[in-house]
Amino acid sequence: MPDVLLSAALDRARDGAVVVLSVPAPDAPVERLLAAVPAGPASLFDPRGGRVAVAGRGRALHLTGPSLRALRDDLARSLARVAVVAAPGADDVARALGGQAFDPRRHPADDDAWGAFPAASLTLPRWSLVRVDGRASLQVAFTRDDAPSAAAIARVLRALEAPPTAAAPPRAATVAADREAWEGLVRDALDAMRDGPIEKLVGARRAELRADSPWRLANVVERLDDADGCARFAFEHGDAALVGASPERLVARRGDVVSADALAGSLPRGGDDVRDARALLDSAKDRREHALVVAGIRAALAPFCDALDAPEAPVVRTLPRLHHLWTPVRARLRDGARALDLVDAMHPTPALGGAPRGAALDWIARREPHPRGWYAGPVGWCEPAGDGEFFVAIRAAVLRGDRAWTYAGAGLVPGSDPAREWDETEAKMSAMRAALGASKR
């Protein structure tokens, strides 16, 4: 079959046009592609329990710019020119993967972790393993000048059937995590909220790790906690890779249905989940923090949507290491906005930056000692019709050879306790530390 389809795809690949050849693939997790095609920058977005998951290698199209919203029109024009030749049963949509910095205005060009990352990028991978509604497809994007052979496609399909190679992570330890500086930042935030108009601030910190050998991205992705509803993600730029597993959907658009998550108010898991959940629901501080996030999401979606639906009270969502207050928000799209328009309107929600947004972002830019880069920024996929899904890049790390930086944040409101917020960020970093094989010290 690849020979016949490849010939048909080559007929469409004229005058430098990009064509995507899509064939049914073995029933494999999308991260298997990272080993099956070991060369080329990696990109991966895999919301566990979600409808669409994609992993890619290489770049057939690659756009960079100051923000995802700034790339919207160029991406639409580029993807509209891409022809898709799909075998029966294979997915027939070309999707771009990408993300942007938390605050593109604060571009960390000279930072050890983020120097290779653009402010924003979207990529149509050269090779993709796509799962849509549980059905897997292998896609390869090319022009006439760089078309793969049928034998190369067959080799990748065979490689996807191979079981993953179990590999222990390198030995690693945290070498820099400044508790005194973090607690000072929390106290500064409390002062800012007492003396000014800011109602909530989200502080973030990072810890540096060193390993006895370089990490392998595919192995780190495989070791991330398998928590239903979390999205695993990975994006390589230069010699650095962002990787993580986020529980927080920023926004998804499917036709005229829009979905978002308000996830704010957290408690590390103890020995009794029922007692923990009751304590979190009874916490006035956490309920106040959560209500600001729900209100922010409602306000961001209102210009685009009708029939916004959100429960009056949050529920507790329990993950392997933490409990969160969670309110799912659903709405009906009114004006045909694309996924990237919704991302631009919603990011950052008060769960990631604070409230009001402008004053909170200014405080973060002035006071946080390290740039966030893509940490807490939107990552995900979008396609020509305007559908897409983006999570926020939290519970994340940046890998660069044998160095890594783990990131975590905490929502701060009047009444926040610096010691408790440190414990919360430690719990949030623990999943990434485990995936990296790292001890705390």
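Only the coordinates and a few stated rules stand behind these numbers; no lab work does. The structure displayed is predicted, hence computed values, not measured ones. All Cβ positions, glycine included, derive from the backbone under ideal geometry; neighbour counts span all protein chains shown.
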Normalised per residue, the volume of the convex hull around the Cα set of the chain (Å³): 136 Å³
Could you work out the percent of alpha carbon pairs in the stretch 167-258 separated by over 21 Å, rounded to a whole number? 58 percent
ARG155 versus ASP239, label points 7 Å from Cα toward the beta carbon: distance in nm? 2.7 nm
Quick check: the distance between the Cα centres of the stretch 107-121 and the stretch 382-411, to the nearest angstrom? 14 Å
Explain nothing, just the number: relative contact order of the chain, from Cα pairs under 8 Å at least 6 residues apart, as a whole percent. 22 percent
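Which order, highest average first, do 400-406, 55-61, 108-114 follow once you tally other Cβ atoms within 10 Å for each residue and take the mean per peptide?
Per-residue Cβ counts within 10 Å, averaged per peptide and sorted highest first, yield 55-61, 400-406, 108-114.
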If I model a spin label as a point 7 Å beyond the Cα along the Cα-Cβ vector, how far apart are those points for ALA299 and ASP74 in nm? 3.2 nm
Label-to-label distance, nm, for residues given as ALA116 and ALA313 (7 Å Cα→Cβ offset): 4.9 nm
Taking 282-288, 325-331, 345-351 and ranking on average Cβ neighbours within 10 Å, highest first, one gets 345-351, 325-331, 282-288
How large is Rg/Rh for the stretch 2-160, to two decimals, with Cα atoms and a Kirkwood Rh? 0.98
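Could the peptides 151-162, 236-247 be put in order, highest first, of the mean number of other beta-carbon atoms found within 10 Å of their residues?
Ranking the peptides 151-162, 236-247 by packing returns 236-247, 151-162.
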PRE zone check, label point 7 Å out along Cα-to-Cβ of ALA109, amide N under 20 Å, scope the stretch 231-254, hits 237-240
Added length on full extension, which subtracts the Cα-Cα distance from 0.36 nm per residue, ALA385 to ALA17: 130.5 nm
Using +1 at the Cβ of each Lys and Arg and -1 at the Cβ of each Asp and Glu in the chain, identify which of LEU75, GLY409, GLY56 lies farthest towards the dipole's positive end. GLY56
Tell me, in nm to one decimal, what length is gained between ALA39 and SER7 on full extension, where the rule is 0.36 nm per residue of separation less the Cα-Cα distance? 9.0 nm
Can you list the residues of the stretch 169-192 with backbone N under 19 Å from a point 7 Å past the Cα of ARG366, pointing along Cα to Cβ? 182-192
Could you compute the FRET efficiency for ASP282 and GLU208, with r as their C-beta to C-beta distance and R0 at 30 Å, rounded to 0.05? 0.25
Arranged by the count of other C-beta atoms within 10 angstrom, fewest first, what order do PHE390, PHE117 take? PHE117, PHE390
Strictly greater than 25 Å: what percent of every Cα pair in the stretch 249-360 meets that? 25 percent
